[in-house]
Amino acid sequence: MVFPPAVALGAGLLLCCSAGALLAQPAAVHEQESDPPVRPYAVTEQREPCADYEPLRRPWFGDTHVHTAWSFDASSQDTRNKPADAYAFARGAPMGIQPYDDQDRPQREIQIDRPLDFTAITDHSEFMGEMRLCTTPGASGYWHPVCIAHRWLPQYSFATFGAYGMAGKKRWGFCGEDNATCFAAARDTWRDIQDA
């Protein structure tokens, strides 16, 4: 079917105007975006909104399971870095790691390419005092046979500490009467973690 030119022109103009109105629609919707964003969860309290709120959230990258030399499992792998070292590493500083030479210098160094957004030191509380006493020269347990073995054969001490201490629920003799020496060392270690 052939339409007269006036009808075809009118239909074309109508179509163009309709399309123009449809294309203009998103601009009007965009102007309304200044309204408070709809949150994908229920708001349970009234407070001032965050200055940098983003409805789709923002991903953060970090680590909430960091162990240092104060954890017996990490120490049994010859980890010697303390909490302050771990936090410095998380901020981008290089960190020396095992193996160590005869002068206790690390033979490898690692470094992340960008700082983490968050980090948490989560050393195990079990044997925290013992690790401090076994690895700190001059400490009361430093020359105890199990501590010497821990320093020289750390890979075997995981089973030793695990079997004797965790399964048997016993402390080593260097912990003192009522285990007071190991508990005091654990308190000092806990303070180190908090201060880091």
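Data overview
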{"item": "Full-stretch length increase - residue 102, residue 35 - with 0.36 nm per residue and alpha-carbon distance subtracted", "result": "17.5 nm"}
{"item": "Per-pair calculated FRET efficiency, R0 = 22 Å: residue 158 and residue 184 via Cβ, rounded to 0.05", "result": "0.35"}
{"item": "Given charges at beta-carbon only (K, R positive; D, E negative), |dipole| of region 62-195 in Debye", "result": "200"}
{"item": "Histogram of C-alpha separations across region 62-195, 10 Å bin width, %", "result": "12, 42, 33, 11, 1"}
{"item": "Taking region 62-195 and dividing mean pair separation by its residue count, relative contact order in percent (alpha carbons under 8 Å, at least six apart)", "result": "27"}
{"item": "Residue 44/residue 122 FRET efficiency (R0 41 Å; Cβ-Cβ; nearest 0.05)", "result": "0.90"}
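Throughout, read-outs are computed from the coordinates displayed, never taken from laboratory work. Just so it is clear, the structure is predicted and the values come from calculations on it, not from any experiment. Glycine also receives a Cβ, built like all others from the backbone with ideal geometry; neighbour counts cover every protein chain displayed.
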